[in-house]
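To start, the structure itself, in structure tokens.
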Amino acid sequence: MQKPIILAISGASGSGKSLFTQNLALKLRQHEREVLVLQEDHYYKAQDHVEMEERVSTNYDHPDAFEHDLLNQQLQELNAGNSIEYPRYCYVTHTRLPDFEVISPAPIIILEGIMLLTQIQLFDQFDIKVFVDTPLDVCLMRRMLRDTQERGRSISSVAKQYEATVKPMYHKFIEPSKTFADLIVPHGGENLLAVDVVSSYLLEGKSKIA
Ligand SMILES: Nc1ncnc2c1ncn2[C@@H]1O[C@H](COP(=O)(O)OP(=O)(O)O)[C@@H](O)[C@H]1O
Ligand SMILES: O=c1ccn([C@@H]2O[C@H](COP(=O)(O)O)[C@@H](O)[C@H]2O)c(=O)[nH]1
């Protein structure tokens, strides 16, 4: 198999990275392209040894919360045509699930996550780096709805975490990483023009933004 094309999609929590990724993957699959979607969130460190009370106050918006070495190693395996043992993460228990998923490479791999463009050691693996740029107040509103509906969170815990870590870490790490992007996509998931532009580029068989 030819070396896969790897896209890194980054941006703030709630910016619309996952929805953008889903829409892009859908479009490519409609054109019969095989696409593998991966999430940096699954590389959050396991916290089985940490008490639940403490897990709640972990800073999940710091690069050190992730096992980026494992991610790097697994991207290299996929690039070499080998399958990986993809970890699985649970936002409710704030730790990894005991099992993993065996995943094979695909010609197009889309990886999305908040810290991807802060990790220069990963850049050799990325063919295209995208930053989803959505105003932080919009991200907060989206996150509030999503996390209370899908991630077992209360409104007050989302608000508290936003002030304590999400917002300051965005300004410290994520926002400055925008400078490494090849493409900046405003609004996020529903930006269908951006989905069309990126998918057309990939369907034409191009792999790198020069
Ligand atoms: N452009 C958009 N307009 C309205 N809602 C959106 C848009 N993009 C994303 N959302 C919604 O906002 C929430 C957060 O989006 P998501 O893609 O999960 O963000 P991220 O992956 O960046 O954290 C989801 O419920 C999603 O459906
Ligand atoms: O146990 C956890 C792990 C992560 N988070 C929050 O998730 C977001 C990143 O995920 P997105 O899908 O990009 O929103 C990050 O901001 C962490 O604060 C968490 O709350 N608990």
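Odds and ends about this structure:
- The single condition from (1) at negative phi; (2) touching a strand residue (DSSP E or B) at 6+ places or on another chain (Cβ under 6 Å) that Leu19 fails is (2).
- Filtered residue count, the range 145-157, keeping only those that are surrounded by 14 or more Cβ atoms within 10 Å (Cβ to Cβ) and near ligand 2 (Cβ under 8 Å from one of its atoms): 3
- Residues being under 12 Å from Ile110 (Cα atoms), within 16 Å of ligand 2 (Cβ to nearest atom) and not aliphatic (A, V, I, L, M) - total across the range 1-30: 7
- Checklist (1) in a loop (DSSP other than H, G, I, E, B); (2) more than 30 Å from Ser83 (Cα to Cα) applied to Arg143, failing item: (1)
- Complete set of residues in the range 1-38 that are of a type in the set (Asp, Glu) and either under 30 Å from Leu136 (Cβ atoms) or touching a helix residue (DSSP H, G or I) at 6+ places or on another chain (Cβ under 9 Å) (or both): Glu34
- Residues in the range 62-80 that are within 28 Å of Pro105 (Cα to Cα) and within 12 Å of ligand 2 (Cβ to nearest atom) were compared, and the one that is surrounded by the fewest Cβ atoms within 10 Å (Cβ to Cβ) is Pro63.
Any read-out appearing in this document is the output of simple, stated calculations on the displayed coordinates, not a laboratory observation. Not measured: the values here are computed from a predicted model. In this analysis, Cβ positions are derived from the backbone assuming ideal geometry, glycine residues included, and neighbour counts consider all displayed protein chains.
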